[in-house]
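The values are calculated or read from the model by the stated rules, or taken from the named source; none is laboratory data. Quick caveat: nothing in here was measured; it's all calculated off a predicted structure. Every residue, glycine among them, receives a Cβ derived from its backbone with ideal geometry; neighbour counts consider all protein chains shown.
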Amino acid sequence: MNIIKEINNRRAYRAISPEPVEREILTRITEAASLAPSCMNKQPWRFLILDDQAALEKGRSALSKGNYWAQKAPILVLVLTKKDLDCALNDGRDYALFDTGMAVMNLQLQAVAEGLHVHPMAGFDPAVIKKEFGITAEWIVVTVLAAGWPGTVESLSDAHREMEMAPRQRKPIEEIAAYNRWNEA
C-alpha cells in the first residue's frame, strides 16, 4: 500500500529506552502538533512536556500499574484541553477533544519520523496529574504520552513482549468504512 511510512510505522510500542531525548527533537514534535487543523483555528491543545527527573516522578505517580513500562520513559507528555478553548456548536458537538486528538496524531507522526517510540495512555489518574502540577479543575487531561528511543523488550512482561513482537492488528476496511449508505454492521 502507498501509505506514508510514518503512519505505517507508528505503533504504541512499550519498549522505550531511558536514554534522554534532545530538546530540539521535543520542539519539532511540538511544532508538528501545533500545525494540526482546528475549528476556527482555535488550537485548543496544550502540552506539558516532562523531561526532568522531578517532573517525571510527578507524572509517573499518576500512571496505572499496567503502565509499569512507562516508568522509565525519558519523556512524558501531558495532553490537555478545555471546552471553552474551542468551538462549541449548538447541537452539542464540542470540538476541543477532536481537535486535540488531531494535534496528538501530528505529534506522534513527527516523533516516528524522528525515530522515537511514542505511546498514548489512558491508564492514569487525572486527579493526581492536576494535583501534582497545579492544574485547575476545568482542564481535561486527555491523555499521557510516553516517548523515547526504542528500547529492548526484556523489561516487558511476557504478555507485553508478545504484543510488542506481534504483527499489528487492524479491523478490515469493510468493517470501518462504507460508501454512500450507512451500514450498522
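Being surrounded by fewer than 21 Cβ atoms within 10 Å (Cβ to Cβ), of a type in the set (Asp, Glu) and farther than 21 Å from residue 153 by Cβ narrows it down to one of 24, 19, so name that one.
24
For segment 161-171, indicate whether the set of residues that are closer than 19 Å to residue 12 by Cβ, part of a loop (DSSP other than H, G, I, E, B), within 20 Å of the chain's Cα centre (by Cα) and in contact (Cβ under 8 Å) with a residue 24 or more places away in the chain is non-empty.
Yes, that holds for at least one residue.
Pick from segment 131-160 the residues that are touching a strand residue (DSSP E or B) at 6+ places or on another chain (Cβ under 8 Å) and in a loop (DSSP other than H, G, I, E, B): which of them is modelled with the lowest pLDDT?
Result: 151.
What's the total number of residues in segment 35-80 that are in a strand (DSSP E or B) and under 20 Å from residue 23 (Cα atoms)?
Qualifying residue count for the region: 10.
Among what's in segment 128-143 and is among the hydrophobic types (A, V, I, L, M, F, W, C) and in contact (Cβ under 8 Å) with a residue 24 or more places away in the chain, pick the residue that is surrounded by the most Cβ atoms within 10 Å (Cβ to Cβ).
Top of the filtered list is 129.
If residue 94 meets every condition in (1) modelled with pLDDT under 95; (2) surrounded by fewer than 16 Cβ atoms within 10 Å (Cβ to Cβ) apart from one, which number is that one?
Against the list (1) modelled with pLDDT under 95; (2) surrounded by fewer than 16 Cβ atoms within 10 Å (Cβ to Cβ), residue 94 comes up short only on (2).
Here are some conditions: (1) free of Cβ contacts under 8 Å to residues at least 24 places away in the same chain; (2) in contact with a strand residue (DSSP E or B) (Cβ under 7 Å, 6 or more places away or on another chain); (3) more than 18 Å from residue 132 (Cβ to Cβ). Residue 33 meets all but one. Which one does it not meet?
Evaluating residue 33 over (1) free of Cβ contacts under 8 Å to residues at least 24 places away in the same chain; (2) in contact with a strand residue (DSSP E or B) (Cβ under 7 Å, 6 or more places away or on another chain); (3) more than 18 Å from residue 132 (Cβ to Cβ) leaves (1) as the failure.
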